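To start, the structure itself, in structure tokens.
The values are calculated or read from the model by the stated rules, or taken from the named source; none is laboratory data. Given the structure is predicted, the values throughout are model-derived calculations rather than measurements. Using ideal geometry, Cβ is built from the backbone for each residue, glycine included, and neighbour counts are taken over all protein chains shown.
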Amino acid sequence: MHLKKTNIKVPLITLENISVDFLENNVGIHSVKDFFTIGKRPFRRKTILKEINFTINKGESWAIMGRNGSGKSTLLRTISGIIKPSGGKLTVSGTIAPILALSAGMELELTGFENINLLLSLSGLKHREIIQLTREIIDFSELDTNTLQMPVKRYSSGMIARLAFSIALAKNFDILMIDEILAVGDQGFQTKCVQKINLIKEQGKTIIFVSHAPADAVKLCENAILIENGSIKQSGNSKNVCRHYEALFQS
Amino acid sequence: MSELLKIYALTKRNIKLRYKNSVIGFFWGFLKPFLYLLVFILIFSTQFSSLGNYVLYVTSGLIIWFYFSNVAGQIIQSIISSADLIKSIKIPPIYFPIAELTSELFNLCLMFIVFLLVMYPFGITYSFKLFLFFPAVILFSLFTLGFSLILSGINVFLRDVGILWNTILPAFFYVTPVAYPMSLIPLKYQFIVKMNPVYYFIELFRHIVYYPDGPSYKLWTGALISGIISFAIGYFIFQKLSRYFISCI
């Protein structure tokens, strides 16, 4: 039906046996008993992701589902290069626009404009490009100049999401990565985001989307994976995976 | 080049954040050494007649000391205070300590200009020797950065390091001859002070702005070696620890 779904698959992201370990901090005296316990190990290694294998091809859209704490955000951070995997091989060809936290790394004390400047500079853009993109960001976020001159700490979470989303989308990218951000915007902005995401898909770009709402996942993504305790439990068509995801909470 | 722009952006952020919501903002940086200076002049200036020019002696020491303690204090907290950013953007963690250093460096340069002007009535001599300030600052920054990188890396996992640093800092100040001459310390204890690298850097700066003769080659070599060694060790430890930062911030 769609022309973009031709048979040629270009892998953009490949994970081979990716594992991620965290150091779990166990220092500190939390009780009188701790004070007398000798030989308590201060740090424990904890495996967050276990031998993850999967490939995302150009133009595909993937939803990542799973319970809270199952490792979804860690997976996104690993793919975007923020966390180094402790084992396995990760290949990413293409630039990523990550929206990994509601605030996307914004500094709450700084104004909207200052944050636009900061985040775009940190993603490696030059002054001239930033000025150009600021216009687009203002247009897309629908925040007025007055608001953008206020410190971000006075924004509502919806306004923060608007700004974060607009900043992340401003730069040119191949892969869009969204970690549950749509939930906070108002109806108007949510619709706008969905439209924008569909537009991005039509441009043949790749989307990775973390969501707890199966309806959103099915609407936006053709494929999905289900993560349970740090490993992939199921992957494939998003409708199927969502059914499994919903089943997790039935019993 | 674009990497330098990133550090520049972080530096700008630091400078903006530091004095946000304060009325006299930037001038706090000057006020702190000035208050110390007043106290020392009140208490000590008559005591150390061996020092020909006490005001210049103390001020030159204080500027360097506050640069050191500010840089170290900021860098130790730099990873923790930028946790949100580190978790959301791919950026080498070492940029955060470097940006703390550069924003303090900016302060120091302004402070140095004010120092040169204000010290005119107190007998500072203007000569080309003063330009040695810049290579000296580079070496001292390298030393301070390396030393602080170690502490900031460990502080992510054991917050005690930051608390400990704030606790011992005042003591560290008083065992460093910032406000008093070395001759005040009994000969048999002087070796303790001489183990303190900061002492040599302060001496280096005093030879540039206070003593009539410039710094000796021995001082320069010492500064160079301790700068490079400190930075190399700090960089190595920081990079080793940085892969686990995310799990503890």
Residue list for the range B:71-87, restricted to those being in contact (Cβ under 8 Å) with a residue 60 or more places away in the chain, farther than 11 Å from residue B:162 by Cβ, of a type in the set (A, V, I, L, M, F, W, C) and within 14 Å of chain A (Cβ to nearest Cβ) = B:83, B:86
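In the range A:209-231, which residues are within 17 Å of residue A:102 (Cβ to Cβ) and in a strand (DSSP E or B)?
Initial filter on the range A:209-231 (within 17 Å of residue A:102 (Cβ to Cβ)): A:209-213, A:216.
Hits for the range A:209-231 are A:209, A:210.
Name the residues in the range B:41-56 that are assigned to a helix (DSSP H, G or I) and over 24 Å from the mean Cα position of the chain (by Cα), would you?
Passing the criteria: B:42, B:43.
Of these, A:56, A:83, A:99, which one is closer than 20 Å to residue A:223 by Cβ, aliphatic (A, V, I, L, M) and modelled with pLDDT of 90 or more?
Details: A:83 fails: closer than 20 Å to residue A:223 by Cβ; A:99 fails: modelled with pLDDT of 90 or more.
The conditions single out A:56.
How about the range A:167-176: which of its residues are crowded, with 16+ Cβ neighbours inside 10 Å, farther than 12 Å from residue A:103 by Cβ and at pLDDT below 90? Spell out the reasoning first.
Initial filter on the range A:167-176 (crowded, with 16+ Cβ neighbours inside 10 Å): A:167-171, A:173-176.
Those left that are additionally farther than 12 Å from residue A:103 by Cβ: A:169-171, A:173-176.
Answer for the range A:167-176, where residues must be crowded, with 16+ Cβ neighbours inside 10 Å, farther than 12 Å from residue A:103 by Cβ and at pLDDT below 90: A:169, A:170, A:171.
Is it the case that the range B:25-44 has a residue that's over 30 Å from residue A:180 (Cβ atoms) and basic (Lys, Arg)?
From the range B:25-44, those over 30 Å from residue A:180 (Cβ atoms) are B:25-44; that's our starting set.
Going one step further and asking which of them are basic (Lys, Arg), we end up with B:32.
There is at least one residue in the range B:25-44 that is over 30 Å from residue A:180 (Cβ atoms) and basic (Lys, Arg).
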Which one is nearest to the chain's Cα centre (by Cα) among residues in the range A:131-161 that are within 14 Å of chain B (Cβ to nearest Cβ) and crowded, with 21+ Cβ neighbours inside 10 Å?
-> A:161
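Among the helices (runs of 4 or more DSSP H) contained in the range B:135-219, which hold 2 or more residues that are in contact (Cβ under 8 Å) with a residue 60 or more places away in the chain and under 15 Å from the mean Cα position of the chain (by Cα)?
Numbers: elements: B:160-175, B:190-194, B:197-209.
The qualifying helices (runs of 4 or more DSSP H) are B:160-175, B:197-209.
Here is a list: B:93, B:97. Which entry is in contact with a Ser or Thr (Cβ under 8 Å, 6 or more places away or on another chain), outside any helix (DSSP H, G or I) and surrounded by 19 or more Cβ atoms within 10 Å (Cβ to Cβ)?
Values: B:97 fails: outside any helix (DSSP H, G or I).
After applying the criteria, what remains is B:93.
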Does residue B:106 meet the test of being in contact (Cβ under 8 Å) with a residue 60 or more places away in the chain and not hydroxyl-bearing (Ser, Thr, Tyr)?
-> yes
Kindly establish whether residue A:91 is more than 18 Å from the chain's Cα centre (by Cα), touching a residue at least 24 places away in the same chain (Cβ under 8 Å), over 22 Å from residue A:201 (Cβ atoms) and more than 8 Å from every other protein chain (Cβ to nearest Cβ).
-> no
Could you grab me the full set of residues in the range A:60-82 that are closer than 25 Å to residue A:10 by Cβ and within 12 Å of chain B (Cβ to nearest Cβ)?
-> A:76, A:77, A:78, A:79, A:80, A:81, A:82
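Taking the criterion of being in contact (Cβ under 8 Å) with a residue 12 or more places away in the chain, surrounded by fewer than 17 Cβ atoms within 10 Å (Cβ to Cβ) and either facing chain B (nearest Cβ under 9 Å) or more than 22 Å from the chain's Cα centre (by Cα) (or both), would at least one residue in the range A:97-108 satisfy it? Working first, answer last.
Filtering the range A:97-108 for residues in contact (Cβ under 8 Å) with a residue 12 or more places away in the chain gives A:97-108.
From what is left, the residues that are surrounded by fewer than 17 Cβ atoms within 10 Å (Cβ to Cβ) are A:108.
Next cut, either facing chain B (nearest Cβ under 9 Å) or more than 22 Å from the chain's Cα centre (by Cα) (or both) only: A:108.
For the range A:97-108, residues in contact (Cβ under 8 Å) with a residue 12 or more places away in the chain, surrounded by fewer than 17 Cβ atoms within 10 Å (Cβ to Cβ) and either facing chain B (nearest Cβ under 9 Å) or more than 22 Å from the chain's Cα centre (by Cα) (or both): present.
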